[in-house]
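Inspection log for the structure reproduced underneath, given as structure tokens.
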């Protein structure tokens, strides 16, 4: 008797499953097609990104392997195009190449490129490094408040670049003959727990030489 009941129950379950698939056939097929489309789109997009990155790398290498001057407008335009692609690596490298070779003379334009490169970064410490480089590029031409605002994301963090930013501020104020503020930043380096050891030694050396501390 119990075996008969079990067989009936099993047949009932099978019938329910058949009915479920029969009633929802179109929905299930639609869901499967949607999943496949998502997977194909994802892997297709990843493949597209790889191809674009390889193309960017090839263009960058072709440009930077030859001598470029400000007259090579086509090459400069290609470097700018790479910057605007917002590739975390090659956008930054293209900007550095432009700066090192004096290919763009407008500081406003360079700063706009810096902002694009900063926004393209996925890793925080690389982003901080580029912020620091932007501050170095502008240090001789902007005001104290502008430089502090620029470095603020690093100065208020525990970034590995914080000690570099503090030393840059110390250099800035020394250049401006404001030795009191320069000393404050050197002392902050010395008193920091997380600091580049070479920069700490340099800060201690300067404090001893200039202030006798």
Could you tell me the center-to-center distance, by alpha carbons, between the stretch 105-171 and the stretch 62-93 in angstrom?
21 Å
Can you figure out the FRET efficiency of residue 146 with residue 122, using R₀ = 22 Å and their beta-carbon distance, to the nearest 0.05?
0.25
List 79, 65 from most exposed to least, where exposure is judged by having the fewest other Cβ atoms within 10 Å.
65, 79
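Place the peptides 187-197, 122-132, 162-172 in order of packing, highest mean first, counting for every residue the other Cβ atoms within 10 Å and averaging per peptide. Walk me through the numbers before you get to the answer.
Working: 187-197: 14.8, 122-132: 16.4, 162-172: 22.2.
Per-residue mean Cβ counts within 10 Å order the peptides as 162-172, 122-132, 187-197.
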With a Cα-only, solvent-free Debye model of the stretch 60-139, what are the log10 I(q)/I(0) values at q = 0.14, 0.18, 0.27 Å⁻¹?
-0.41, -0.68, -1.39
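Once the Cα gyration tensor of the stretch 141-213 is found, what semi-axes does its equivalent ellipsoid get, as square roots of 5 times the eigenvalues, in whole Å, sorted largest first?
They are 18, 17, 8 Å, listed from largest to smallest.
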Separation in nanometres of the label points that stand 7 Å from Cα toward Cβ, at residue 211 and residue 115
3.6 nm
What are the extents of the Cα atoms of the stretch 69-213 along their three principal axes, listed from largest to smallest and rounded to whole Å?
55, 30, 24
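A short reminder: the numbers here are calculations on the coordinates, not readings from a lab. Remember, it's a predicted structure, so these values are computed and weren't measured experimentally. Every residue, glycine among them, receives a Cβ derived from its backbone with ideal geometry; neighbour counts consider all protein chains shown.
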